[in-house]
Every structure is written in structure tokens, then in C-alpha cells.
1. Can you tell me the order of 25-36, 54-65, 121-132 when each peptide is scored by its average per-residue count of other Cβ atoms within 10 angstrom, highest first?
2. Which lysines, on any chain, are close to K27 with Cα under 18 Å apart, when same-chain ones fewer than 8 places away are left out?
3. What are the ³J(HN,Hα) couplings of the stretch 101-116, residue after residue, when phi is run through the Karplus curve with 6.51, -1.76, 1.60 and θ = phi - 60°? Round to Hz, x for glycine and proline.
4. For the stretch 52-135, just say rounded, prolate or oblate: build the C-alpha gyration tensor, square-root its eigenvalues into a ≥ b ≥ c, call rounded for a/c under 1.5, and beyond that prolate if a/b exceeds b/c, oblate if not.
5. Just from its helices, what would the mean residue ellipticity at 222 nm be for the chain, if runs of 4 or more DSSP H residues each count -39500 (n - 2.57) and the sum is divided by every residue, rounded to the nearest 500 deg cm²/dmol?
6. For the stretch 1-56, what is the convex hull volume of its Cα atoms per residue in Å³?
Amino acid sequence: MAKVSKSAAEAKELLFLSTTDGITMNKDRLLADAKAKALKLVPGYTPPESATFRLPGTSARVAMDMAINNLKLAGKITDYDVVVSQQLADVLSGGLRDITEPLTEDDLLNLELNAFLYLVQQPGTLARLDHLLKTGKPLRN
């Protein structure tokens, strides 16, 4: 159900890109343009302080599961969309944590990694990847 852009110009219209984001039309120039932009950022750079996050935890996970089930019952998502959505809900809610427990960036990365490793081993994911590579279109399995 996601909206995607068909071009960089449309991405700016949809606010996926900001008005100051660069666009490289020639893909042979992409790496050189990115390197030049990165090098302009180097002088005076200091890394940001580590952030902590308070995500809603189990209560939000339950609410997201209910929304996922309602979408399935309404026929708006497939059986495998449910599997993917549940993994995403786990990451977005902060997993089985309480709302009072702060998460670090590493905690969030671990949640994402666990979801990715789970999904990449599923036949449904492999079927979607295979279909996308062969046809250039998403598979709704």
C-alpha cells in the first residue's frame, strides 16, 4: 500500500526528497557526485551524541497486530503481508519492552537485524525477491 515515486522530480513533489537534495541524472556520475558531497561535509564535522529512544513496546505491538489482522480480514493485505507486517510492528514498537525502558541505537539495530534475518529465510521473501528480479514487479503472495 506504499506510494513510490517514478522519478527524482516526483520524489521531490511527494516530499520524499527535500528541495536541497541533489539529483544525479547520469548514473556514471553517481559515485563521484556522492563523494564530492560527502567531502564538503568533512570540515568541522563532529559525530552526534548517542541517542536513546522510548518506544511504546508491547501495548503498541498489540494494537499494530489488531490493525494488521483487520487489514487481512478486509482483504487489503495477503497472508505473507501479515508476516512482513508483524516483523515491522516488532521493530517499530520496540519489541517486548516496556514503554519506560529506553532503547539505544544498537538495540534498534538489533531489532531490525533480527527481523531481517527472520524474513530473509522465509520462502515468501525468497519468492518475492525472485519475482522482482525476474519481472521488475512486486509479488503479492
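1. On the way: 25-36: 10.0, 54-65: 15.6, 121-132: 13.2.
Ranked by mean Cβ neighbours within 10 Å, highest first: 54-65, 121-132, 25-36.
2. The reachable lysines, counting only those whose Cα sits under 18 Å from K27, are K6, K35, K37.
3. Whole-Hz 3J(HN,Hα) from phi for the stretch 101-116: 8, x, 10, 8, 4, 5, 4, 5, 4, 5, 4, 5, 4, 4, 5, 4.
4. Values: a/c = 3.43, a/b = 1.45, b/c = 2.37.
Taking the square roots of the gyration eigenvalues as a ≥ b ≥ c, the stretch 52-135 is oblate.
5. Numbers: 6 runs with 78 residues, N = 141.
For the chain, the value works out to -17500 deg cm²/dmol.
6. Values: hull volume 8.6 nm³, N = 56.
So the per-residue hull volume is 153 Å³.
Throughout, read-outs are computed from the coordinates displayed, never taken from laboratory work. The model shown is predicted, which means the values in this text are computed figures rather than measured ones. Cβ: placed from backbone, ideal geometry, glycine included. Neighbour counts: every protein chain shown.
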